[in-house]
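Chemist: Right, I'll just put the structure down here and ask away after.
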Amino acid sequence: MKTLEQEGIMENTLIVFSSDNGPVLNDGYYDDAVEKIGNHDPKGGLRGGKYSIFEAGTRVPFITYWKGKIKP
């Protein structure tokens, strides 16, 4: 965003941030994901996970910013 401001193109730029839905730990690969997780909750307290119809499997973060066009 700093670079967009410096280049003078912030007002003409739509910024979209999104991600994949749901965490998956035990996916059949031995990558130590379950062991490395520690106290972290990748589903943020929601039910389910990837491949699930519960909240943690279906919610997708989506944030947009367009200076002067989309109200904060």
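The values are calculated or read from the model by the stated rules, or taken from the named source; none is laboratory data. Remember, it's a predicted structure, so these values are computed and weren't measured experimentally. As a convention, Cβ positions derive from the backbone with ideal geometry for all residues, glycine included, and neighbour counts pool all protein chains shown.
Chemist: Residue check, Ile53 against (1) of a type in the set (A, V, I, L, M, F, W, C); (2) at pLDDT below 90; (3) assigned to a loop (DSSP other than H, G, I, E, B), all met but one. Which one?
Modeler: (2)
Chemist: Of everything in region 38-72, what is among the aliphatic types (A, V, I, L, M) and over 18 Å from the mean Cα position of the chain (by Cα)? Give them in sequence order.
Modeler: Once the filter is applied, which keeps residues that are among the aliphatic types (A, V, I, L, M) and over 18 Å from the mean Cα position of the chain (by Cα), region 38-72 yields only Ile70.
Chemist: Next up: Could you tell me how many of the residues in region 12-59 are surrounded by 10 or more Cβ atoms within 10 Å (Cβ to Cβ) and β-branched (Val, Ile, Thr)?
Modeler: Total meeting the criteria: 5.
Chemist: Which one of Val24, Val60, Val34 is in a helix (DSSP H, G or I) and at pLDDT below 90?
Modeler: Val34
Chemist: What are the residue pairs meeting all of these: first residue in region 37-56, first residue of a type in the set (Ser, Thr, Tyr), second residue in a loop (DSSP other than H, G, I, E, B), Cβ atoms under 8 Å, and 6 or more apart or on different chains?
Modeler: Qualifying pairs under 8 Å: Tyr51/Gly22; Tyr51/Val24; Ser52/Gly22.
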